[in-house]
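Below is one structure; the comments refer to it alone.
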Amino acid sequence: MTTTQQTNYGVKEIAKLFPSLMKIKRKSLREKVAAVWNEAIITGCGGKGWTFAELRAVKFTLLAGDIDMKFVEHLNSCALQCIAIADVLKRAFRCSIPIQRDYLIAGALLADVGKPLEYDKDASGKVVQGKFGQQVRHPFSGVALAYKHGIPGEVMHIIATHSHEGDKMERSIESIIFHHADFVDFDIAKFLGKRGTKKL
């Protein structure tokens, strides 16, 4: 089982995983998003850390069967969907929609930042939900990491409310957009996973 060396990954390195990071206009926010991801990567996997190659190999979700989409690809998909949805809404609504694009992109990239902490590897090297992940799901650990690095409350709101934990809260416009983009991927993944199971 490989582990990361305690390397610090900056904006340039994190953008190799998540190119949409560079679409955040505010430099200080880009740097904070990268710092959150840096900590998640080097402290996740039960404290062993992840290499970029290991993180790129993690399945999008452990709940949808064996589909050909990875965790990193899912976050990139959601970020691009959010940007596209924001563009369409700006044209479609006659009234002005106050979408904070930097917050939307940052939230899309950070919504699942707690998953490297939630996930671990078993003795055979298979990625599983670790003990910490069974106690603290990724929306909570993601908010904790984001708070530590000074991420704005508007972005932490997206992280906190993106999954079913947010169903009892009034979501912001940015959170509504991300929530639906996230479930487009998740619901299609479940559909494809079931279809793949039926073929066996």
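Roughly how big is the chain's charge dipole about its Cα centre, with Cβ charges of +1 (Lys, Arg) and -1 (Asp, Glu), in debye to the nearest 20? Walk me through the intermediate numbers first.
Numbers: 29 positive and 21 negative charges, 72 e Å.
Approximately 340 debye in magnitude.
Remark: the chain carries 52 Å² of accessible area per residue (probe radius 1.4 Å; ligands, DNA and RNA excluded). Relative contact order for the stretch 11-78: what percent, with Cα pairs under 8 Å and sequence separation of 6 or more? Result for the stretch 11-78 is 26 percent. Distance between the modelled labels on His149 and Gln134, one decimal in nanometres: 2.8 nm (7 Å Cα→Cβ projection). Phi angles across the stretch 10-15 convert, under the Karplus curve 6.51 cos²θ - 1.76 cosθ + 1.60 with θ = phi - 60°, into 3J(HN,Hα) values of x, 4, 4, 6, 5, 5 Hz, Gly and Pro given as x. Would you mind counting up the charge near Lys148? Only other residues with Cβ under 13 Å from its Cβ, with Lys and Arg at +1 and Asp and Glu at -1. Net charge around Lys148: 0. Which percent of the Cα-Cα distances in the chain go past 29 Å? Of all Cα-Cα pairs in the chain, 21 percent lie more than 29 Å apart.
At 1.4 Å probe size, with the rest of the protein present, what percent of the exposed accessible area of the chain is carbon and sulfur atoms?
Heavy-atom surface of the chain belonging to carbon and sulfur, 1.4 Å probe: 57 percent.
Couplings 3J(HN,Hα) for the stretch 154-163, derived from phi with the Karplus relation 6.51 cos²θ - 1.76 cosθ + 1.60 (θ = phi - 60°), are 4, 7, 4, 4, 4, 4, 5, 9, 6, 10 Hz, where x marks Gly and Pro.
Each of Gly193, Met169, Pro139 was placed along the dipole of the stretch 111-200 (beta-carbon charges, centred on the mean Cα), and the one lying farthest toward the positive end is Gly193. Mean sequence separation of contacting Cα pairs (under 8 Å, at least six apart), scaled by the length of the chain, corresponds to a relative contact order of 24 percent. Each residue of the stretch 68-77 was assigned a 3J(HN,Hα) from its phi angle through the Karplus expression (A = 6.51, B = -1.76, C = 1.60, θ = phi - 60°), giving 8, 9, 9, 3, 5, 5, 4, 5, 5, 4 Hz with x at Gly and Pro. Summarising the amide proton neighbourhood of Val128: residues at separation of 5 or more, or on other chains, whose placed amide H is nearer than 5 Å comprise Asp120, Lys121, Asp122.
The values are calculated or read from the model by the stated rules, or taken from the named source; none is laboratory data. Nothing here was measured: the structure is a model prediction, and the numbers come from that model. Note that we place each Cβ from the backbone using ideal geometry, even for glycine, and neighbour counts take in every protein chain shown. The accessibility values were calculated without ligands, DNA or RNA, using every heavy atom of the protein model including side chains. Shrake-Rupley method; radii C 1.70, N 1.55, O 1.52, S 1.80 Å.
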